[in-house]
Amino acid sequence: MELKLLDSKSSSLSKKAALVARTKSSPFSSFEHSVGVKFSQEFSSCRVFTKASYLSLKGTFMPKTAISSVDKEKTASENYFYQISTNGAGSSLFSRNVGGVLDACDDEYGGVVVDQDRLPVNPDAFAPMLQVSLSHWKMKGKKGIWLKLPLERSELVPVAVKEGFEYHHAERGYVMLTYWIPEGPCMLPSNATHQVGVGGFVINDKNEVLVVQEKFYAPSFADLWKIPTGFILESEEIYTGAVREVKEETGVDTEFVEVIAFRHAHNLDFDKSDLFFVCMLKPLSAQIKVDNLEIQAAKWMPLVEFVAQPLIQEDGLFKKIVDICIAQLGKRYCGLLPRQVVSKFDGRPSCLYYNVLDTGNVSCNGN
(Lines give C-alpha, C1' and ligand atoms only; values in the text may rest on other atoms or scores of the structure.)
Protein backbone atom coordinates (compact mmCIF):
# COMPACT_ATOMS: atom_id res chain seq x y z
CA MET A 1 0.00 0.00 0.00
CA GLU A 2 1.30 3.40 -0.91
CA LEU A 3 0.17 6.76 0.46
CA LYS A 4 1.31 9.92 -1.34
CA LEU A 5 1.07 13.45 -0.02
CA LEU A 6 1.87 16.45 -2.16
CA ASP A 7 4.92 18.29 -0.93
CA SER A 8 3.67 21.48 0.72
CA LYS A 9 6.57 23.49 -0.68
CA SER A 10 6.18 22.42 -4.28
CA SER A 11 2.42 22.24 -4.70
CA SER A 12 0.11 25.12 -5.62
CA LEU A 13 -2.35 23.61 -3.18
CA SER A 14 0.09 23.70 -0.28
CA LYS A 15 -2.07 25.93 1.90
CA LYS A 16 -4.80 23.33 1.80
CA ALA A 17 -2.45 20.41 2.32
CA ALA A 18 -4.32 18.54 -0.36
CA LEU A 19 -4.35 14.81 -0.80
CA VAL A 20 -4.37 13.27 -4.24
CA ALA A 21 -7.51 11.16 -4.34
CA ARG A 22 -8.99 8.81 -6.85
CA THR A 23 -12.32 7.19 -6.13
CA LYS A 24 -13.90 4.24 -7.84
CA SER A 25 -17.56 3.52 -8.41
CA SER A 26 -17.53 0.35 -6.34
CA PRO A 27 -18.67 0.53 -2.69
CA PHE A 28 -15.93 0.52 -0.12
CA SER A 29 -17.19 -2.65 1.56
CA SER A 30 -14.68 -4.71 -0.45
CA PHE A 31 -11.68 -2.86 0.90
CA GLU A 32 -9.11 -5.15 2.45
CA HIS A 33 -8.05 -2.57 5.03
CA SER A 34 -8.42 1.15 5.54
CA VAL A 35 -6.31 3.96 6.81
CA GLY A 36 -7.59 7.30 8.04
CA VAL A 37 -5.59 10.49 7.63
CA LYS A 38 -6.41 13.65 9.58
CA PHE A 39 -4.81 17.06 9.14
CA SER A 40 -4.21 19.39 12.04
CA GLN A 41 -5.73 22.85 12.08
CA GLU A 42 -2.52 24.42 10.83
CA PHE A 43 -2.23 21.82 8.03
CA SER A 44 1.45 21.44 8.92
CA SER A 45 1.24 17.82 9.94
CA CYS A 46 -1.03 14.81 9.67
CA ARG A 47 -1.70 11.70 11.64
CA VAL A 48 -2.24 8.29 10.14
CA PHE A 49 -4.32 5.73 12.00
CA THR A 50 -5.85 2.36 11.20
CA LYS A 51 -9.37 1.52 12.29
CA ALA A 52 -11.14 -1.84 12.11
CA SER A 53 -14.70 -0.54 11.98
CA TYR A 54 -16.19 2.27 9.96
CA LEU A 55 -19.58 3.98 9.73
CA SER A 56 -21.18 4.35 6.31
CA LEU A 57 -22.59 7.75 5.36
CA LYS A 58 -23.89 7.93 1.80
CA GLY A 59 -20.94 5.93 0.47
CA THR A 60 -18.40 7.60 2.75
CA PHE A 61 -16.84 5.46 5.48
CA MET A 62 -16.04 7.41 8.64
CA PRO A 63 -14.10 6.27 11.69
CA LYS A 64 -16.56 5.89 14.57
CA THR A 65 -14.11 7.37 17.02
CA ALA A 66 -13.82 10.48 14.93
CA ILE A 67 -17.51 11.35 14.87
CA SER A 68 -18.13 10.46 18.52
CA SER A 69 -15.38 12.69 19.88
CA VAL A 70 -16.41 14.76 22.88
CA ASP A 71 -14.11 17.53 21.72
CA LYS A 72 -16.54 18.89 19.12
CA GLU A 73 -14.64 22.10 18.49
CA LYS A 74 -11.54 20.11 17.69
CA THR A 75 -13.53 17.77 15.49
CA ALA A 76 -15.03 20.69 13.64
CA SER A 77 -11.61 22.23 12.96
CA GLU A 78 -9.94 18.91 12.10
CA ASN A 79 -12.58 17.50 9.86
CA TYR A 80 -10.62 16.16 6.91
CA PHE A 81 -10.91 12.36 6.83
CA TYR A 82 -9.46 10.17 4.16
CA GLN A 83 -9.64 6.57 3.16
CA ILE A 84 -7.18 4.39 1.37
CA SER A 85 -7.69 0.85 0.17
CA THR A 86 -5.52 -1.60 -1.64
CA ASN A 87 -7.09 -4.12 -3.94
CA GLY A 88 -4.24 -5.58 -5.85
CA ALA A 89 -2.70 -3.46 -8.56
CA GLY A 90 -3.16 -0.05 -7.09
CA SER A 91 -4.61 1.99 -4.29
CA SER A 92 -7.60 4.30 -4.15
CA LEU A 93 -8.08 7.34 -1.97
CA PHE A 94 -11.37 8.94 -0.90
CA SER A 95 -11.66 12.27 0.85
CA ARG A 96 -14.39 14.50 2.16
CA ASN A 97 -14.86 17.39 4.58
CA VAL A 98 -17.47 15.98 6.91
CA GLY A 99 -17.65 18.59 9.68
CA GLY A 100 -18.33 17.79 13.33
CA VAL A 101 -21.29 16.54 15.30
CA LEU A 102 -23.91 19.20 15.99
CA ASP A 103 -24.21 20.35 19.58
CA ALA A 104 -27.23 18.68 21.12
CA CYS A 105 -28.60 17.27 24.34
CA ASP A 106 -30.53 14.08 25.04
CA ASP A 107 -34.21 14.21 25.90
CA GLU A 108 -35.87 11.88 28.40
CA TYR A 109 -37.38 9.69 25.69
CA GLY A 110 -34.18 8.53 24.02
CA GLY A 111 -34.13 11.35 21.51
CA VAL A 112 -31.94 14.36 20.76
CA VAL A 113 -32.61 18.10 20.87
CA VAL A 114 -30.23 20.11 18.69
CA ASP A 115 -28.89 23.30 20.28
CA GLN A 116 -30.27 26.09 18.10
CA ASP A 117 -27.84 28.61 19.59
CA ARG A 118 -24.77 26.66 18.44
CA LEU A 119 -25.62 25.92 14.84
CA PRO A 120 -22.73 26.43 12.39
CA VAL A 121 -22.31 30.02 11.27
CA ASN A 122 -21.47 28.95 7.73
CA PRO A 123 -24.55 27.48 6.00
CA ASP A 124 -22.31 25.35 3.77
CA ALA A 125 -21.01 23.54 6.86
CA PHE A 126 -24.50 22.59 8.04
CA ALA A 127 -25.20 19.81 5.54
CA PRO A 128 -22.07 17.71 6.22
CA MET A 129 -22.40 18.28 9.97
CA LEU A 130 -26.04 17.18 9.87
CA GLN A 131 -25.13 14.05 7.91
CA VAL A 132 -22.39 13.11 10.37
CA SER A 133 -24.68 13.88 13.31
CA LEU A 134 -27.46 11.64 11.99
CA SER A 135 -25.01 8.78 11.54
CA HIS A 136 -23.63 9.38 15.03
CA TRP A 137 -27.10 9.39 16.59
CA LYS A 138 -28.09 6.26 14.69
CA MET A 139 -25.00 4.52 15.99
CA LYS A 140 -25.93 5.61 19.53
CA GLY A 141 -29.42 4.16 19.16
CA LYS A 142 -31.22 7.50 19.38
CA LYS A 143 -34.84 7.80 18.30
CA GLY A 144 -36.40 11.19 17.59
CA ILE A 145 -34.38 14.24 16.57
CA TRP A 146 -35.75 17.74 17.27
CA LEU A 147 -34.30 20.55 15.18
CA LYS A 148 -35.51 24.07 15.99
CA LEU A 149 -34.44 26.63 13.40
CA PRO A 150 -34.86 30.33 14.26
CA LEU A 151 -36.26 32.69 11.65
CA GLU A 152 -32.82 34.16 11.02
CA ARG A 153 -31.50 30.67 10.12
CA SER A 154 -34.30 29.83 7.68
CA GLU A 155 -31.75 29.10 4.95
CA LEU A 156 -31.03 25.82 6.77
CA VAL A 157 -34.61 24.54 6.40
CA PRO A 158 -34.26 23.12 2.85
CA VAL A 159 -30.96 21.50 3.85
CA ALA A 160 -32.64 19.67 6.74
CA VAL A 161 -35.63 18.68 4.61
CA LYS A 162 -33.27 17.23 1.99
CA GLU A 163 -31.73 15.04 4.70
CA GLY A 164 -35.15 13.65 5.63
CA PHE A 165 -36.43 16.04 8.30
CA GLU A 166 -40.16 16.84 8.36
CA TYR A 167 -42.10 19.90 9.47
CA HIS A 168 -43.58 19.57 12.95
CA HIS A 169 -44.87 23.06 13.72
CA ALA A 170 -43.99 26.72 13.34
CA GLU A 171 -44.35 29.91 15.33
CA ARG A 172 -43.53 33.50 14.42
CA GLY A 173 -39.88 33.16 15.30
CA TYR A 174 -38.99 29.58 14.40
CA VAL A 175 -39.85 26.35 12.65
CA MET A 176 -39.53 22.97 14.36
CA LEU A 177 -38.44 19.97 12.30
CA THR A 178 -38.19 16.35 13.34
CA TYR A 179 -36.48 13.16 12.21
CA TRP A 180 -37.47 9.66 13.34
CA ILE A 181 -34.59 7.20 13.24
CA PRO A 182 -35.99 3.73 14.12
CA GLU A 183 -37.80 1.50 11.65
CA GLY A 184 -41.57 1.61 11.85
CA PRO A 185 -44.07 4.40 12.53
CA CYS A 186 -42.91 7.67 14.06
CA MET A 187 -43.69 7.83 17.78
CA LEU A 188 -43.00 11.53 18.26
CA PRO A 189 -45.97 13.53 19.61
CA SER A 190 -47.84 15.47 16.96
CA ASN A 191 -48.31 19.21 16.84
CA ALA A 192 -51.00 20.87 18.99
CA THR A 193 -54.40 19.63 17.88
CA HIS A 194 -56.66 22.17 19.58
CA GLN A 195 -57.33 25.87 19.89
CA VAL A 196 -59.01 27.11 23.07
CA GLY A 197 -61.67 29.81 23.19
CA VAL A 198 -63.65 31.41 26.01
CA GLY A 199 -66.94 33.26 26.30
CA GLY A 200 -68.00 35.51 29.18
CA PHE A 201 -71.63 35.42 30.31
CA VAL A 202 -71.91 38.64 32.34
CA ILE A 203 -75.23 39.51 33.98
CA ASN A 204 -75.89 42.40 36.38
CA ASP A 205 -78.38 42.95 39.20
CA LYS A 206 -80.95 44.27 36.70
CA ASN A 207 -80.99 40.94 34.85
CA GLU A 208 -79.16 42.50 31.92
CA VAL A 209 -76.62 40.60 29.88
CA LEU A 210 -73.47 42.24 28.51
CA VAL A 211 -73.59 41.66 24.76
CA VAL A 212 -71.64 42.71 21.66
CA GLN A 213 -71.95 42.89 17.90
CA GLU A 214 -68.71 42.13 16.08
CA LYS A 215 -67.34 44.16 13.16
CA PHE A 216 -66.52 41.09 11.13
CA TYR A 217 -69.20 38.42 10.82
CA ALA A 218 -71.02 36.15 8.41
CA PRO A 219 -74.08 37.76 6.77
CA SER A 220 -76.39 35.37 8.59
CA PHE A 221 -75.21 36.79 11.93
CA ALA A 222 -75.75 40.44 11.03
CA ASP A 223 -78.38 41.11 13.70
CA LEU A 224 -77.01 38.86 16.42
CA TRP A 225 -76.11 40.20 19.86
CA LYS A 226 -73.75 37.71 21.48
CA ILE A 227 -71.63 37.34 24.59
CA PRO A 228 -67.96 38.49 24.36
CA THR A 229 -65.71 35.70 23.12
CA GLY A 230 -62.10 35.14 22.11
CA PHE A 231 -59.07 32.86 22.26
CA ILE A 232 -56.96 32.48 25.36
CA LEU A 233 -53.31 33.44 25.19
CA GLU A 234 -50.33 31.16 25.58
CA SER A 235 -49.87 30.09 29.23
CA GLU A 236 -53.12 31.85 30.19
CA GLU A 237 -55.70 30.26 32.44
CA ILE A 238 -59.27 29.81 31.21
CA TYR A 239 -60.75 32.05 33.89
CA THR A 240 -58.25 34.87 33.40
CA GLY A 241 -58.73 34.66 29.64
CA ALA A 242 -62.50 35.12 30.00
CA VAL A 243 -62.05 38.17 32.24
CA ARG A 244 -59.47 39.66 29.86
CA GLU A 245 -61.60 39.16 26.73
CA VAL A 246 -64.61 40.91 28.32
CA LYS A 247 -62.42 43.79 29.42
CA GLU A 248 -60.79 44.16 25.99
CA GLU A 249 -64.03 44.09 24.02
CA THR A 250 -66.33 46.09 26.31
CA GLY A 251 -64.17 47.86 28.88
CA VAL A 252 -66.19 46.26 31.71
CA ASP A 253 -64.32 44.81 34.70
CA THR A 254 -65.53 41.41 35.87
CA GLU A 255 -64.88 38.69 38.39
CA PHE A 256 -64.81 35.00 37.49
CA VAL A 257 -67.57 32.90 39.02
CA GLU A 258 -67.34 29.47 37.40
CA VAL A 259 -67.11 27.52 34.16
CA ILE A 260 -70.68 26.82 33.08
CA ALA A 261 -69.99 24.39 30.24
CA PHE A 262 -67.60 23.73 27.38
CA ARG A 263 -68.03 22.67 23.79
CA HIS A 264 -65.71 20.38 21.82
CA ALA A 265 -65.80 20.71 18.01
CA HIS A 266 -63.55 19.42 15.22
CA ASN A 267 -62.18 20.36 11.79
CA LEU A 268 -62.51 24.09 12.25
CA ASP A 269 -59.82 26.69 11.42
CA PHE A 270 -56.74 25.05 9.86
CA ASP A 271 -58.44 21.68 10.44
CA LYS A 272 -57.87 22.02 14.18
CA SER A 273 -60.26 20.96 16.92
CA ASP A 274 -61.74 23.61 19.19
CA LEU A 275 -62.48 23.78 22.92
CA PHE A 276 -64.83 26.62 23.88
CA PHE A 277 -65.42 27.37 27.58
CA VAL A 278 -68.44 29.40 28.69
CA CYS A 279 -67.69 31.25 31.92
CA MET A 280 -70.10 32.96 34.28
CA LEU A 281 -68.69 36.36 35.29
CA LYS A 282 -69.83 38.93 37.82
CA PRO A 283 -69.63 42.59 36.70
CA LEU A 284 -67.52 44.94 38.81
CA SER A 285 -68.21 48.00 36.64
CA ALA A 286 -70.99 49.10 34.30
CA GLN A 287 -69.55 51.66 31.88
CA ILE A 288 -68.94 50.31 28.41
CA LYS A 289 -65.94 51.27 26.28
CA VAL A 290 -66.01 49.46 22.94
CA ASP A 291 -62.90 48.02 21.31
CA ASN A 292 -63.08 49.69 17.90
CA LEU A 293 -60.77 47.16 16.27
CA GLU A 294 -63.06 44.14 16.70
CA ILE A 295 -66.41 45.30 18.08
CA GLN A 296 -69.11 47.24 16.28
CA ALA A 297 -71.27 47.86 19.35
CA ALA A 298 -71.80 46.70 22.95
CA LYS A 299 -74.60 47.18 25.44
CA TRP A 300 -76.45 45.83 28.45
CA MET A 301 -79.42 43.86 27.09
CA PRO A 302 -82.36 42.54 29.14
CA LEU A 303 -82.05 38.78 29.56
CA VAL A 304 -85.53 38.23 28.14
CA GLU A 305 -84.63 40.08 24.92
CA PHE A 306 -81.34 38.27 24.65
CA VAL A 307 -83.01 34.87 24.90
CA ALA A 308 -85.78 35.86 22.47
CA GLN A 309 -83.40 36.53 19.56
CA PRO A 310 -84.33 34.27 16.63
CA LEU A 311 -80.74 33.09 16.19
CA ILE A 312 -80.63 32.03 19.84
CA GLN A 313 -83.95 30.23 19.69
CA GLU A 314 -83.16 28.47 16.42
CA ASP A 315 -79.68 27.30 17.33
CA GLY A 316 -79.52 24.26 19.61
CA LEU A 317 -76.05 25.08 20.94
CA PHE A 318 -76.73 28.74 21.78
CA LYS A 319 -80.08 27.93 23.32
CA LYS A 320 -78.64 25.19 25.53
CA ILE A 321 -75.86 27.49 26.76
CA VAL A 322 -78.40 30.16 27.67
CA ASP A 323 -80.60 27.59 29.42
CA ILE A 324 -77.64 26.42 31.50
CA CYS A 325 -76.70 29.99 32.44
CA ILE A 326 -80.29 30.71 33.53
CA ALA A 327 -80.30 27.50 35.57
CA GLN A 328 -77.12 28.60 37.31
CA LEU A 329 -78.70 31.95 38.17
CA GLY A 330 -81.59 30.07 39.75
CA LYS A 331 -79.18 27.92 41.74
CA ARG A 332 -80.32 24.82 39.88
CA TYR A 333 -76.94 24.13 38.34
CA CYS A 334 -73.37 24.09 39.59
CA GLY A 335 -70.43 24.79 37.28
CA LEU A 336 -66.73 24.04 37.62
CA LEU A 337 -64.31 25.95 39.80
CA PRO A 338 -60.51 25.98 39.40
CA ARG A 339 -58.39 24.59 42.20
CA GLN A 340 -54.60 24.86 42.02
CA VAL A 341 -52.86 21.53 42.55
CA VAL A 342 -49.31 20.28 42.19
CA SER A 343 -48.53 16.93 40.61
CA LYS A 344 -45.53 14.84 41.56
CA PHE A 345 -45.15 13.86 37.92
CA ASP A 346 -43.79 17.26 36.93
CA GLY A 347 -43.74 19.27 40.17
CA ARG A 348 -45.64 22.12 38.54
CA PRO A 349 -48.78 23.85 39.78
CA SER A 350 -51.83 23.64 37.52
CA CYS A 351 -55.55 24.32 37.70
CA LEU A 352 -57.96 21.43 38.07
CA TYR A 353 -61.55 22.40 37.28
CA TYR A 354 -64.20 20.43 39.17
CA ASN A 355 -67.53 20.68 40.97
CA VAL A 356 -67.52 20.81 44.75
CA LEU A 357 -70.98 19.92 46.00
CA ASP A 358 -71.98 21.83 49.10
CA THR A 359 -74.17 19.45 51.09
CA GLY A 360 -75.70 22.44 52.87
CA ASN A 361 -76.98 23.80 49.57
CA VAL A 362 -79.49 21.22 48.34
CA SER A 363 -80.52 23.43 45.42
CA CYS A 364 -77.10 23.00 43.80
CA ASN A 365 -77.29 19.40 42.67
CA GLY A 366 -74.96 19.52 39.68
CA ASN A 367 -77.58 18.35 37.15
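Would you pick out the residues in the range 176-215 that are open to solvent by 50 Å² or more (accessible area, probe 1.4 Å), under 30 Å from residue 290 (Cα atoms) and charged (D, E, K, R)? Hits for the range 176-215 are 205, 206, 214, 215. Given the condition loosely packed, with under 14 Cβ neighbours inside 10 Å and not in a helix (DSSP H, G or I), answer yes or no: does some residue in the range 302-321 qualify? Yes: the range 302-321 contains one or more residues that are loosely packed, with under 14 Cβ neighbours inside 10 Å and not in a helix (DSSP H, G or I). On inspection, residue 138 does not qualify as surrounded by fewer than 16 Cβ atoms within 10 Å (Cβ to Cβ), under 30 Å from residue 282 (Cβ atoms) and touching a residue at least 12 places away in the same chain (Cβ under 8 Å). Residue 121 meets the conditions (1) assigned to a loop (DSSP other than H, G, I, E, B); (2) open to solvent by 70 Å² or more (accessible area, probe 1.4 Å); (3) touching a strand residue (DSSP E or B) at 6+ places or on another chain (Cβ under 7 Å) in every case but one. The failed one is (3). Mind counting the residues in the range 106-118 that are under 22 Å from residue 183 (Cα atoms) and open to solvent by 20 Å² or more (accessible area, probe 1.4 Å)? So the answer is 6.
Here is a yes/no grid of residues against (1) assigned to a helix (DSSP H, G or I); (2) at negative phi; (3) modelled with pLDDT of 95 or more; (4) under 39 Å from the mean Cα position of the chain (by Cα):
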residue	(1), (2), (3), (4)
285	no, yes, yes, no
324	yes, yes, no, yes
351	no, yes, no, yes
365	no, yes, no, no
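Of everything in the range 144-175 that is more than 15 Å from the chain's Cα centre (by Cα) and of a type in the set (Asp, Glu), the residue that is most open to solvent (accessible area, probe 1.4 Å) is 152. Residue by residue through the range 195-225, note down the ones that are closer than 20 Å to residue 284 by Cα and among the charged types (D, E, K, R). Selection gives 205, 206, 208. Of the residues 150, 219, 182, 189, which is touching a residue at least 24 places away in the same chain (Cβ under 8 Å) and farther than 22 Å from residue 118 by Cβ? Within the list 150, 219, 182, 189, the selection yields 182. Scanning the range 124-135 for residues being of a type in the set (A, V, I, L, M) and open to solvent by 70 Å² or more (accessible area, probe 1.4 Å) gives a total of 0.
The values are calculated or read from the model by the stated rules, or taken from the named source; none is laboratory data. Because the structure is predicted, anything quoted here is derived from the model rather than measured. Please note: Cβ atoms are built from the backbone with ideal geometry, for glycine as well, and neighbour counts cover all protein chains shown. SASA here: full protein model, heavy atoms, side chains in, ligands and nucleic acids out. Shrake-Rupley method; radii C 1.70, N 1.55, O 1.52, S 1.80 Å.
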